[in-house]
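J.: Mind looking over this structure? Questions follow.
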Amino acid sequence: MTPSNRFVSAAPGLEADPASRLSRSVQPVRLVVLGATGSIGKSTLDIVRHHPDRYEVVALVAGRRADELAALAREFKVRFAALADPQGQDRLAQALSGSGIASGAGPSAVAEAALHPADIVVAGIVGAAGLAPTFAALRAGRTIALANKECLVCAGDLFMAEARRQQVAVLPMDSEHNAIFQVLESRNLAEVEKVVLTASGGPFRTTSLEEMRHVTPAEALRHPNWDMGSRITIDSATLMNKGLEVIEASHLFPLSHDQLDVLVHPQSVIHGMVQYKDGSLLAQMGSPDMRTPIAHCLAWPHRLDLPVARLDLARLATLTFEAPDPERFPALGLALTAMRNGGGAPAALNAADEEAVAAFLSGHIGFLDIAAVVADVLEVMSGAHALTAPASVEAVLDLDAAARRQAMQAIARRAA
């Protein structure tokens, strides 16, 4: 597979994106927001509030928050609103009564929203639940502004192959991948030496292993820089999140595994760097505000005016960097190994981690048990030859379910 046809995000000759095309007309860019009540969805809708003439939200999807979804649907005058939780259908319909907004609940309603006529689909649903609707939107030829990790971690080969078939752009919304997207020069791919994704190090960057055995969920949820959902915040504390991001980067960009690196940068000001073979190091910098990478995707290749804090480098004064500690943060190593092993290993890694994080947040296992559970699952499934590469989205979901069952068993053993 050659770099030119793999780099879908910025393939030479690829039409920029619907925002670019429509910016030359009077028509607003139509958006579908999957995960409207989560951190990505809220940031996306805040951008729309600041640019109401440029964007039109046509459909919204949320998990269980019917009242919050209804309020957003009314505010943005969407045409369709969907809840993933089928039990919330009556509550959502009641909350939207008299608005003229169509609504539904359950997987079929989420799929309907994802396929609603639109220019850009913002994939912000957290977890494996976001895979099927995002893949459906991709198959329908929609430009994908991607913030859901599972699409690439669990089904990266399938997802990017479909993007090439449809000749649509996959625009990375995660701050680190968006940073690389901004500074990776597609015409000079052969001159790239390596790409560096930065990690804040989370709240336990300087905490000893012994102290980490006793940390509480409340302590782990206090991220020093970012305001995010609970799972991604815990994953940032274990550095699993950075490992998942490296797996994503291996699919987004035409790079070998050896060209991907991680550097701990506590200030979260530099989000990604590209090292070229002539010694040049290009970095993207910005305040830790998700509206910046989201807006970059929505307006690419143009820029939007945003009320985000500007960097004051003189006041900041110092930027520091350090290598990640593999002993205190084994989750990162597990993710990198899963990436190199390929096949179904990344999908199993992700599913096991999601279950382990949930068990930690509910108090059933300790903080250090999260990585241990993931390691147990990968060992068992590898020994059973159950990590072959899935050939379809359905096979990905089957593998995900199998890994979750193994994870629940590992969690039960540790909880006991």
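The values are calculated or read from the model by the stated rules, or taken from the named source; none is laboratory data. Note that the coordinates shown come from a computational prediction; the quantities given were computed from them, not determined experimentally. Every residue, glycine as well, gets a Cβ built from its backbone with ideal geometry; the counts of neighbours run over all protein chains shown.
J.: State which residue is modelled with the lowest pLDDT when the search covers only the range 210-249 and only residues that are part of a loop (DSSP other than H, G, I, E, B) and touching a helix residue (DSSP H, G or I) at 6+ places or on another chain (Cβ under 6 Å). Working first, answer last.
T.: As a first pass, look at the range 210-249 and keep what is part of a loop (DSSP other than H, G, I, E, B): 213-216, 221-229, 239.
Those still in the list that are touching a helix residue (DSSP H, G or I) at 6+ places or on another chain (Cβ under 6 Å) too: 221, 223, 228-229, 239.
On the way: L221: 93, H223: 81, M228: 72, G229: 76, L239: 96.
If we take residues in the range 210-249 being part of a loop (DSSP other than H, G, I, E, B) and touching a helix residue (DSSP H, G or I) at 6+ places or on another chain (Cβ under 6 Å), then M228 is modelled with the lowest pLDDT.
J.: Further question on the same structure: Can you find a residue in the range 177-189 that is in a helix (DSSP H, G or I), of a type in the set (V, I, T), modelled with pLDDT of 95 or more and under 13 Å from F253 (Cβ atoms)?
T.: yes
J.: Residues D235, D261: which one is within 14 Å of the chain's Cα centre (by Cα) and of a type in the set (D, E, K, R)?
T.: When all the criteria are applied, what remains is D235.
J.: Name the residue, out of L349, L387, that is aliphatic (A, V, I, L, M), buried (at least 23 other Cβ atoms within 10 Å of the Cβ) and assigned to a loop (DSSP other than H, G, I, E, B).
T.: L387
Rundown of residues vs (1) of a type in the set (D, E, K, R); (2) not in a loop (DSSP other than H, G, I, E, B), yes/no style:
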| position | (1), (2) |
| --- | --- |
| G104 | no, yes |
| A109 | no, yes |
| V121 | no, yes |
| I125 | no, no |
| L131 | no, yes |
| R164 | yes, yes |
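J.: Still on this structure, please answer the following. State yes or no: is P266 surrounded by 18 or more Cβ atoms within 10 Å (Cβ to Cβ) and under 20 Å from the mean Cα position of the chain (by Cα)?
T.: no
J.: Between a residue in the range 90-111 that is over 13 Å from R64 (Cα atoms) and any residue that is assigned to a loop (DSSP other than H, G, I, E, B) and among the aliphatic types (A, V, I, L, M), which pairs come within a Cβ distance under 7 Å, given they are 6 or more apart or on different chains?
T.: What qualifies is I101/V78; S103/L96.
J.: Let me ask something else. Restricting attention to the range 264-275, does a residue exist that is in a helix (DSSP H, G or I) and either modelled with pLDDT of 95 or more or within 22 Å of D369 (Cα to Cα) (or both)?
T.: The answer is no; no qualifying residue exists.
J.: Please state which one of L319, L260 is surrounded by fewer than 20 Cβ atoms within 10 Å (Cβ to Cβ) and not basic (K, R).
T.: Testing whether each residue is surrounded by fewer than 20 Cβ atoms within 10 Å (Cβ to Cβ) and not basic (K, R) leaves just L319.
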